[in-house]
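Undergrad: Here you go, one structure.
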Amino acid sequence: MLLLTPGPTPVPEDIRMAMSKPTLHHRTPEFEEIFAQTRVLLKELFGMPEVLMLSCSGTGAMEACVLNLCRAKALTINAGKFGERFGKICEAYGKEYTELKYDWDTPASVEEVVNAVKNDEKIDAVFIQVCESAGGLRHPVEAIAKELKKIRPNIMIVADGITAVGVEKVDTTNIDALISGSQKALMLPPGLALIGLSFEAIKVIEEGGVGYYLNLKTELKQQKKNTTAYTAATTLIIGLKAMLEKLHVEGFEKLYSDTKKRSDATKKALEALDLKIFPKTPANAMSAVYDEEAAKIRKILKTKYSVNMAGGQDHVKTTLFRINHMGLVADYETAWTLNAIEMALEEIGRRTYDGTANKIYTSEMYK
Ligand SMILES: *Cc1c(COP(=O)(O)O)cnc(C)c1O
């Protein structure tokens, strides 16, 4: 079965091999050396002065940021499942928050976010996705961050980049925390979350420090010394180091340009089949298609062509399918998937198969 869901993504064989070595103790110079090297590579990937590694899935890092970076009141941007989650975390902790809600295909408006902050003195942290994976939507997070810093320089801008880090170069100039997770663009098994931090965020954390396991002050203190507060996810970190070194050979820029090319070519091919790209501002991480028969198409791909694409969630559960572009996806895998979609469309009587999808995809990929 071809795993083409926007997370988890397949783990390449050489990385699986790197993680198959006998267990290392985490309180040893050997592991600290691995940890130190991983930190250097992560800082380069994030383009930020500090990066923390946490043993939890991405949501754990979202929760840690709500706890440690918002002191008074949060503004959360909800244009899908993951934006909604920031609000749910605030609720779980009884933290005051305001939510700006958008349709799942609609990016946040810079002006509306700025006004929401302007009109509420108490807001000291904003939480937003770079790519809202629920609809494959790219928010204008850099522009929002830039405008917010102009009107409230001390505000913390927390960007969930779980489907953006490793997909594209996120401009972190005005971002204080950038969140990532192991199982999306970084092509590792689930279980490791990462948070890139700005100097301002480091200051807020060092002056605060909230929670116990997710207390970033405790983690920061230890990780600066190349160790962790609690047992490190040693195997995943060994895999992460191997992955970053692998990507580093050709450079992260190459990964970004390959991902963009694949994403653009796929979207063109899908449109050539008269399929509708769902979000108004699509992200490069995935192609999300809105179609009344999405569930039917997805089922044919799974049962007949051995392709596992993702569907939608909630109100678009049966009307959305999402194709992953994150990580090192072989060209033939995307080509196979697009071809299968075209054949599925013939099967449900929507068009006559003539190879359009692959023709467009390959001409875009090799032009
Ligand atoms: C996958 C994802 C998450 C959640 O990560 P978990 O690892 O499942 O906790 C959060 N935000 C975005 C944008 C995601 O794509």
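The values are calculated or read from the model by the stated rules, or taken from the named source; none is laboratory data. In this text the structure is predicted, and so the values were computed from the model without any measurement. FYI the Cβ positions are ideal-geometry reconstructions off the backbone, even for glycines, and counts take in every protein chain you see.
Undergrad: Filter region 334-348 for residues that are among the aliphatic types (A, V, I, L, M) and in contact with a strand residue (DSSP E or B) (Cβ under 7 Å, 6 or more places away or on another chain) and give the result.
TA: Pass one, region 334-348, residues among the aliphatic types (A, V, I, L, M): 335, 338, 340-341, 343-345, 348.
Of everything in region 334-348, just one residue is among the aliphatic types (A, V, I, L, M) and in contact with a strand residue (DSSP E or B) (Cβ under 7 Å, 6 or more places away or on another chain), namely Ala340.
Undergrad: Here is a check on your reading of the model: is Gly7 modelled with pLDDT under 95 and at positive phi?
TA: Details: modelled with pLDDT under 95: yes; at positive phi: yes.
Taking the combined requirement at face value, the residue satisfies it.
Undergrad: Step by step: first the residues of region 77-94, then only those that are part of a loop (DSSP other than H, G, I, E, B) and in contact with an Asp or Glu (Cβ under 8 Å, 6 or more places away or on another chain), then the one that is nearest to the ligand (Cβ to nearest atom). Which residue is that?
TA: Applying the first criterion (part of a loop (DSSP other than H, G, I, E, B)) to region 77-94 yields 79-80, 93-94.
Going one step further and asking which of them are in contact with an Asp or Glu (Cβ under 8 Å, 6 or more places away or on another chain), we end up with 79-80.
Details: Ala79: 11, Gly80: 8 Å.
Across region 77-94, the extreme among qualifying residues is Gly80.
Undergrad: Could you tell me which numbered condition Met187 fails, if it satisfies all but one of (1) at positive phi; (2) modelled with pLDDT of 95 or more; (3) over 18 Å from the mean Cα position of the chain (by Cα)?
TA: (3)
Undergrad: Scan region 168-191 and give yes if some residue there is part of a helix (DSSP H, G or I) and not basic (Lys, Arg), otherwise no.
TA: Pass one, region 168-191, residues part of a helix (DSSP H, G or I): none.
Among the residues of region 168-191, not one is part of a helix (DSSP H, G or I) and not basic (Lys, Arg), which makes the answer no.
Undergrad: Do any residues in region 202-216 that are on the phi > 0 side of the Ramachandran plot have Cβ atoms under 9 Å from those of residues that are crowded, with 18+ Cβ neighbours inside 10 Å and of a type in the set (A, V, I, L, M, F, W, C), where the two are at least six apart or on different chains, and which pairs are they?
TA: What qualifies is Gly209/Leu216; Gly209/Leu220; Gly211/Ala64; Gly211/Leu67.
Undergrad: Continuing with this model, one more query. When region 111-165 is examined, which residues are found to be touching a Leu at 6+ places or on another chain (Cβ under 8 Å) and among the acidic types (Asp, Glu)?
TA: Glu112, Asp120 - these are the residues of region 111-165 that are touching a Leu at 6+ places or on another chain (Cβ under 8 Å) and among the acidic types (Asp, Glu).
Undergrad: Ok, one more. May I ask you to list pairs of residues, at least six apart or on different chains, whose Cβ atoms are under 8 Å apart, with the first in region 97-114 being closer than 14 Å to Gly135 by Cα and the second being among the aromatic types (Phe, Trp, Tyr)?
TA: Cβ pairs passing all conditions: Trp104/Phe278; Asp105/Phe278; Asp105/Tyr290; Ala108/Tyr102.
Undergrad: Another one. Filter region 142-164 down to residues that are aliphatic (A, V, I, L, M), outside any loop (DSSP other than H, G, I, E, B) and in contact with a helix residue (DSSP H, G or I) (Cβ under 8 Å, 6 or more places away or on another chain) and give me whichever is nearest to the ligand (Cβ to nearest atom). It would help to see each step written out before you state the result.
TA: Of region 142-164, the ones aliphatic (A, V, I, L, M) are 143-145, 148, 151, 155-159, 162, 164.
Checking the rest, the ones that are also outside any loop (DSSP other than H, G, I, E, B) come to 143-145, 148, 151, 156-159.
Add one more test, that the residue is in contact with a helix residue (DSSP H, G or I) (Cβ under 8 Å, 6 or more places away or on another chain), and what stays is 143-144, 148, 151, 156-159.
Values: Ala143: 19, Ile144: 16, Leu148: 20, Ile151: 26, Met156: 18, Ile157: 16, Val158: 12, Ala159: 10 Å.
Selected residue: Ala159.
Undergrad: Continuing with the same structure: I need the full set of residues from region 17-32 which are touching a residue at least 12 places away in the same chain (Cβ under 8 Å), part of a helix (DSSP H, G or I) and out of contact with any Gly (no Cβ under 7 Å at 6 or more places or on another chain), in order please.
TA: The answer is Phe31, Glu32.
Undergrad: Sort through Arg298, Arg322, Arg350 and tell me the only one that's charged (D, E, K, R) and either at pLDDT below 95 or assigned to a loop (DSSP other than H, G, I, E, B) (or both).
TA: Values: Arg298 fails: either at pLDDT below 95 or assigned to a loop (DSSP other than H, G, I, E, B) (or both); Arg322 fails: either at pLDDT below 95 or assigned to a loop (DSSP other than H, G, I, E, B) (or both).
Exactly one of Arg298, Arg322, Arg350 is charged (D, E, K, R) and either at pLDDT below 95 or assigned to a loop (DSSP other than H, G, I, E, B) (or both), namely Arg350.
Undergrad: Here are Thr318, Thr362, Thr337, Thr356: which of them is touching a residue at least 24 places away in the same chain (Cβ under 8 Å) and crowded, with 23+ Cβ neighbours inside 10 Å? Write out each step before concluding.
TA: Numbers: Thr318 fails: crowded, with 23+ Cβ neighbours inside 10 Å; Thr362 fails: crowded, with 23+ Cβ neighbours inside 10 Å; Thr356 fails: crowded, with 23+ Cβ neighbours inside 10 Å.
Exactly one residue qualifies, and that residue is Thr337.
Undergrad: State the number of residues belonging to region 228-255 that are in a loop (DSSP other than H, G, I, E, B) and either of a type in the set (Asp, Glu) or surrounded by fewer than 17 Cβ atoms within 10 Å (Cβ to Cβ) (or both).
TA: 3
Undergrad: Ok, one more. For the subset of region 95-141 comprising residues that are polar (S, T, N, Q) and either touching a Pro at 6+ places or on another chain (Cβ under 6 Å) or not in a strand (DSSP E or B) (or both), which member is farthest from the ligand (Cβ to nearest atom)? Quick ask: steps written out before the conclusion?
TA: If we filter region 95-141 for residues that are polar (S, T, N, Q), which is where we start, we get 98, 106, 109, 115, 119, 129, 133.
Keeping just the survivors that are either touching a Pro at 6+ places or on another chain (Cβ under 6 Å) or not in a strand (DSSP E or B) (or both) gives 106, 109, 115, 119, 133.
Details: Thr106: 16, Ser109: 19, Asn115: 25, Asn119: 27, Ser133: 3 Å.
This residue is Asn119.
Undergrad: Inside region 178-202, can you point out the residues that are within 8 Å of the ligand (Cβ to nearest atom) and aliphatic (A, V, I, L, M)?
TA: Ile179, Ala193 - these are the residues of region 178-202 that are within 8 Å of the ligand (Cβ to nearest atom) and aliphatic (A, V, I, L, M).
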